[in-house]
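Here's the structure, in structure tokens; my notes come after.
The values are calculated or read from the model by the stated rules, or taken from the named source; none is laboratory data. Everything numeric here is computed off the predicted structure, so don't read it as measured data. Please note: Cβ atoms are built from the backbone with ideal geometry, for glycine as well, and neighbour counts cover all protein chains shown.
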């Protein structure tokens with residue numbers, strides 16, 4: 001969980017000077033005991049069988065701790081890890097005992113399709129030994145892989161990046177075994193001399209509770225995770241780089257669109273084929289150069305529909321396109337000045353990523369064809385304008401590590417064809433004086449010249465804008481007590497066209513505190529919390545003032561509940577209105593057949609932002625994964641929102657709108673490499689036009705259906721065959737075709 005709080009940049013040099021010694025001592029004290037790895041005595045075949053001669057004499061890890069729900073207690077099941085390496089690979093092997101192997105939860109799924117309700121295990125590897133960033137290499141008893149980047153400094157766990165590695169597993173009469181093989185070419189490390197890396201071994205064991213087991217103790221309330229890694233020594237003579245990966249692709253699509261809008265006949269004569277490639281050169285083990293020519297940035301899975309009715313600001317969607325994913329943690333800062341989905345359709349792109357000693361860097365340069373929308377931010381709401389122009393973009397960040405602390409500098413630049421630009425630059429830092437405190441901050445300055453396109457947006461008349469944005473925070477956490485505080489300030493003229501900053505022209509202060517208990521019984525963790533938030537514009541006008549408090553708890557069946565009361569005052573138009581709400585979140589995974597249950601809700605007073613008046617309403621979001629056997633999984637997601645208003649102060653409440661969205665995703669998995677997926681998605685909003693002060697449609701909605709067959713040798717060697725059908729509600733209330741598409745993509749990665 002991210003924790004944010006305020007700080008002052010003038011304190012940064014003094015904090016670093018006074019804290020480096022203490023931070024270095026705390027860093028050493030936080031780490032687990034050293035593990036010394038040995039070279040494999042013979043070749044190792046990755047087939048889930050640990051009887052190979054290569055495992056004889058491998059480093060054996062038998063000391064494990066249950067870190068959840070128990071607090072660093074002896075695990076209830078036995079786990080043994082093995083580590084070895086040779087000239088090309090790092091190997092990890094595991095023997096996971098189970099008193100009842102029939103209860104192992106191991107359904108088939110796509111890569112990264114692992115949830116907390118499944119059995120899985122693997123390693124957390126910090127090849128740069130910075131105690132802050134690591135890669136998770138995990139797999140299930142079916143060999144389904146999950147890899148992610150864990151960044152304690154900013155982004156937390158991000159499963160978007162993918163890496164080349166191999167795994168195999170077997171279910172046995174005593175439990176299950178797992179083998180993992182990681183090419184050194186997939187890792188970034190200092191190529192000079194003997195290596196010291198960081199490593200954690202992990203096992204997830206879901207039964208009546210979700211039991212988490214690590215190879216070292218993890219203190220509760222710690223402000224970091226990777227910092228508790230084992231120093232991994234004994235690595236010598238590793239490859240020095242000079243490796244290539246070239247992944248060409250070819251795709252074809254046939255599209256049909258209505259000749260004169262929804263309801264008219266479809267024109268199915270539009271078809272196209274294209275080709276391109278992604279190439280990676282690793283000149284040394286700590287540097288990588290990427291080149292993409294006409295990259296394929298199409299997504300093979302649609303975004304989950306989100307209800308946008310009565311939303312004040314733009315909605316964030318995660319990145320899924322491979323080109324942007326390596327080194328993504330370097331672009332994760334407290335101010336999201338880099339949001340790669342703002343780069344809609346690059347024609348080409350190149351990227352450099354690496355580290356030299358304590359200095360890390362990443363840079364991306366490319367050309368964007370345009371399309372999509374540009375966010376136009378404001379203090380009370382944001383709007384969107386069509387991006388009907390191409391541009392060139394450049395994004396770079398350099399970071400200097402100071403133990404587990406750092407200072408860095410970020411630059412983004414977007415130059416619009418035909419005139420106009422947006423340039424953003426500024427420093428950020430994070431200071432970790434000990435295992436309980438984190439102080440972080442960022443300041444950015446922007447200079448903007450809008451394009452001369454009033455036909456797209458009336459404020460795009462070539463005007464110049466400038467301003468600064470700042471975000472500072474401090475978090476303090478112990479086993480039973482936590483406190484965090486944050487302050488933000490953004491000028492009216494601040495813009496980040498390569499990022500996601502939908503609100504500007506405000507000042508904000510936030511604080512939250514909590515007290516945690518660890519009872520035995522139904523709940524394993526309970527926390528009482530309270531928070532306060534104050535936002536105003538630069539004229540001192542109140543935009544929001546919030547007081548909230550509640551309780552959250554973790555319990556049996558991997559359950560989580562959070563309930564809290566909102567006492568809020570929010571500005572809508574010229575007035576500030578009270579807003580009292582009850583909010584709740586529920587999570588559970590009771591079994592393999594029914595897992596990932598979620599229910600979120602908001603009930604109480606709400607504001608009609610479009611018509612600037614108070615109202616009453618509710619919003620509910622429900623989700624669940626249902627499994628029939630080990631191969632079929634059905635994911636259900638639904639959202640419903642409504643708002644009632646009183647048009648006459650003495651009259652009754654009337655329904656302003658009702659909005660709903662449903663999504664069904666069914667996947668039949670043939671193996672860990674192939675699946676067939678069907679998705680149906682429906683959204684509908686019904687309004688009462690008489691209650692609006694401006695013209696609105698009484699009803700609008702859309703339906704989309706898609707089918708996809710996928711085969712993957714690895715994340716870059718793939719075959720996709722898919723079909724999509726989109727429909728929209730017309731003025732008469734009927735669903736009419738709006739587009740239809742059939743597509744094929746083939747890609748293969750050649751490595752040397």
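The single condition among (1) in contact with a strand residue (DSSP E or B) (Cβ under 7 Å, 6 or more places away or on another chain); (2) closer than 30 Å to residue 674 by Cα; (3) part of a loop (DSSP other than H, G, I, E, B) that residue 647 does not meet is (2). The condition of being buried (at least 19 other Cβ atoms within 10 Å of the Cβ) and either part of a strand (DSSP E or B) or not assigned by TED's automatic domain parsing to the domain that holds residue 47 (or both) holds for only one of 677, 655, 684, that being 677. So, residue 739, is that one in a strand (DSSP E or B) and either under 25 Å from the mean Cα position of the chain (by Cα) or buried (at least 18 other Cβ atoms within 10 Å of the Cβ) (or both) or not? No; evaluated as a whole, the condition is false for this residue. Counting the residues of the stretch 42-56 that are part of a loop (DSSP other than H, G, I, E, B) and under 13 Å from residue 86 (Cα atoms) gives 4.
Looking only at the stretch 694-723, how many residues end up being part of a strand (DSSP E or B), within 28 Å of residue 669 (Cβ to Cβ) and free of Cβ contacts under 8 Å to residues at least 60 places away in the same chain? Number satisfying all stated conditions: 9. When the residues of the stretch 612-628 are filtered to those that are in contact (Cβ under 8 Å) with a residue 40 or more places away in the chain and surrounded by fewer than 18 Cβ atoms within 10 Å (Cβ to Cβ), the one that is farthest from residue 528 (Cα to Cα) is 612. For the stretch 245-258, the condition of being surrounded by 23 or more Cβ atoms within 10 Å (Cβ to Cβ) and touching a residue at least 40 places away in the same chain (Cβ under 8 Å) holds for none of the residues. Scan the stretch 486-498 for residues that are under 23 Å from the mean Cα position of the chain (by Cα) and closer than 30 Å to residue 433 by Cα and the total you get is 2.
Scan the stretch 59-69 and tell me whether some residue there is part of a loop (DSSP other than H, G, I, E, B), in contact with a strand residue (DSSP E or B) (Cβ under 6 Å, 6 or more places away or on another chain), in contact (Cβ under 8 Å) with a residue 40 or more places away in the chain and surrounded by 14 or more Cβ atoms within 10 Å (Cβ to Cβ). Within the stretch 59-69, one or more residues are part of a loop (DSSP other than H, G, I, E, B), in contact with a strand residue (DSSP E or B) (Cβ under 6 Å, 6 or more places away or on another chain), in contact (Cβ under 8 Å) with a residue 40 or more places away in the chain and surrounded by 14 or more Cβ atoms within 10 Å (Cβ to Cβ). Only one of the listed residues (721, 634) is closer than 29 Å to residue 592 by Cα and in contact with a strand residue (DSSP E or B) (Cβ under 8 Å, 6 or more places away or on another chain). That residue is 634.
With respect to the stated conditions, residue 140 is within 24 Å of the chain's Cα centre (by Cα) and at pLDDT 95 or above.
Please go through the stretch 228-246 and give me each residue that is under 31 Å from the mean Cα position of the chain (by Cα) and more than 23 Å from residue 353 (Cβ to Cβ), ordered by number. Scanning the stretch 228-246 gives 228, 230, 231. Among the residues of the stretch 351-367, those identified as part of a strand (DSSP E or B) and touching a residue at least 40 places away in the same chain (Cβ under 8 Å) are 351, 352, 353, 354, 355, 356, 359, 360, 364, 366.
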